[in-house]
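Here's the structure, in structure tokens; my notes come after.
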Amino acid sequence: MPEIADEFPSIALVGFGEAGHAFASGWSLPPAVRPKAYDLKLHDAATAGRVLDRCASAGAEPVADATKAIEGAGLIFSVVTADQALEVARACAPHLAHGALWLDCNSCAPQTKQQAAALIEAAGGRYVDVAAPVYPKRHEVPLLLAGPHAAQAAVLIKRLGMRPSVSGPKVGDASSIKMLRSVMIKGLEALTTECLLAARRAGVEDAVLASLQASDPGIDWRARGSYNLERMMVHGARRAAEVEEVCITLRAFGLPDWMSRGTIEWQRLVSSLDVAPGEDDLARRSDAILSKL
């Protein structure tokens, strides 16, 4: 992709974990548009090194103060954890440049995003509801944008090589899709974990997997089970925070959140065990988790 023009607005990322790095590392930018990146982990010597390495690999400038990172920026990506998205919007809103686009890429309930939008808009910014997975396509992942400024933001970020589409005119339209999809995706992770760990402990794992395979041959259940365990081992804490927002979404729609509350417990538990996923093998991953339960 050719480099974007020099007049492109300056870019900031608030939050530079896996998602922020995935976006920025794929952009093709001239030196004049070097993005600034803030992450809370820059304040801790034990965690700052990882963020600095990510910045170096993506060509981003690390900034240890969120308000300094967004100073004068015309395009800001908020890529923090779901439980911090509203607080970050509240903290940054007073420091936004007038007319700055605030792209809220966090996995939050539509109601949470509407609260964040009110803060950003009151401060003179332009809020955009963004929903997207990240890997494996990094910055080229399909993005859903919603809100009154979504079309303007879409035109701009296409120049970064991103792939946006507008899903609706209201803030919350994009996040509703993401939240309700997560009922199934994160819930299936938790269900397979509960099923397969119990099957392993009972000594009937092969029989259970064979039965699942016969019932739904379109899924490689052994491979999917191993993958789901890895997702929870590595990202369970972040996923639990996201499903907290899923529960808010469901209750706001007048529906029970029984299944998703169980998903939170499993995601958080597996993450808290601090077990390395190791090689892609269902039996070994199951045994590693069971040894700590």
Specify the residue that is farthest from the chain's Cα centre (by Cα); the eligible residues are those in the stretch 206-236 that are of a type in the set (G, A, S) and surrounded by fewer than 16 Cβ atoms within 10 Å (Cβ to Cβ). A207
Listed residues A66, A56; which is out of contact with any helix residue (DSSP H, G or I) (no Cβ under 9 Å at 6 or more places or on another chain) and free of Cβ contacts under 8 Å to residues at least 60 places away in the same chain? A56
Name the single residue, out of those in the stretch 256-273 being among the polar types (S, T, N, Q) and surrounded by 15 or more Cβ atoms within 10 Å (Cβ to Cβ), that is farthest from E230 (Cα to Cα). S260
A97: assigned to a loop (DSSP other than H, G, I, E, B), modelled with pLDDT of 95 or more, within 25 Å of W27 (Cβ to Cβ) and not basic (K, R), yes or no? yes
The stretch 76-99, residues that are in contact with a Leu (Cβ under 7 Å, 6 or more places away or on another chain) and buried (at least 23 other Cβ atoms within 10 Å of the Cβ): I76, F77, S78, V79, A89
Among all residue pairs at least 6 apart or on different chains, which show Cβ distances below 8 Å where the first residue, located in the stretch 279-293, is closer than 14 Å to D206 by Cβ and the second is surrounded by fewer than 12 Cβ atoms within 10 Å (Cβ to Cβ)? L282/A223
Can you tell me which residue among E3, E71 is at pLDDT below 90 and either closer than 23 Å to R90 by Cβ or acidic (D, E) (or both)? E3
Checking Q114 against (1) assigned by TED's automatic domain parsing to the domain that holds A241; (2) in contact with a Gly (Cβ under 6 Å, 6 or more places away or on another chain); (3) of a type outside the set (D, E), only one condition comes out false. Which one? (1)
Quick check: anything in the stretch 200-220 aliphatic (A, V, I, L, M), farther than 27 Å from D280 by Cβ and modelled with pLDDT of 95 or more? no
Residue match in the stretch 105-120 (condition: aliphatic (A, V, I, L, M), buried (at least 24 other Cβ atoms within 10 Å of the Cβ), touching a Phe, Trp or Tyr at 6+ places or on another chain (Cβ under 9 Å) and more than 17 Å from A150 (Cα to Cα)): no
Pair list, Cβ under 7 Å, 6 or more apart: the stretch 228-254 residue within 19 Å of A109 (Cα to Cα) and assigned by TED's automatic domain parsing to the domain that holds I185, other residue among the acidic types (D, E) and part of a loop (DSSP other than H, G, I, E, B): C247/D257; L250/D257; R251/D257
Evaluate the stretch 151-163: report whether one residue or more is surrounded by 17 or more Cβ atoms within 10 Å (Cβ to Cβ), touching a Cys at 6+ places or on another chain (Cβ under 9 Å) and in a helix (DSSP H, G or I). no
Residues satisfying the stated conditions in the stretch 11-26, i.e. surrounded by fewer than 22 Cβ atoms within 10 Å (Cβ to Cβ) and under 12 Å from V51 (Cβ atoms): G17, E18
Being among the polar types (S, T, N, Q), closer than 13 Å to E242 by Cβ and without any contact (Cβ under 8 Å) to a residue 60 or more places away in the chain is the filter here; which residues of the stretch 256-278 pass it? S271
Flagged pairs (Cβ under 8 angstrom, 6 or more apart or on separate chains; first in the stretch 37-50, surrounded by 12 or more Cβ atoms within 10 Å (Cβ to Cβ); second aromatic (F, W, Y)) are A37/F16; Y38/F16; D39/F16
Sort out which residues of the stretch 53-67 are touching a strand residue (DSSP E or B) at 6+ places or on another chain (Cβ under 8 Å) and surrounded by fewer than 16 Cβ atoms within 10 Å (Cβ to Cβ), and write them in order of number. E61, A64, D65
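The values are calculated or read from the model by the stated rules, or taken from the named source; none is laboratory data. Since we're looking at a predicted model, the values are computed, not measured. No Cβ is skipped: glycine too gets one built from the backbone with ideal geometry, and neighbour counts run over all protein chains shown.
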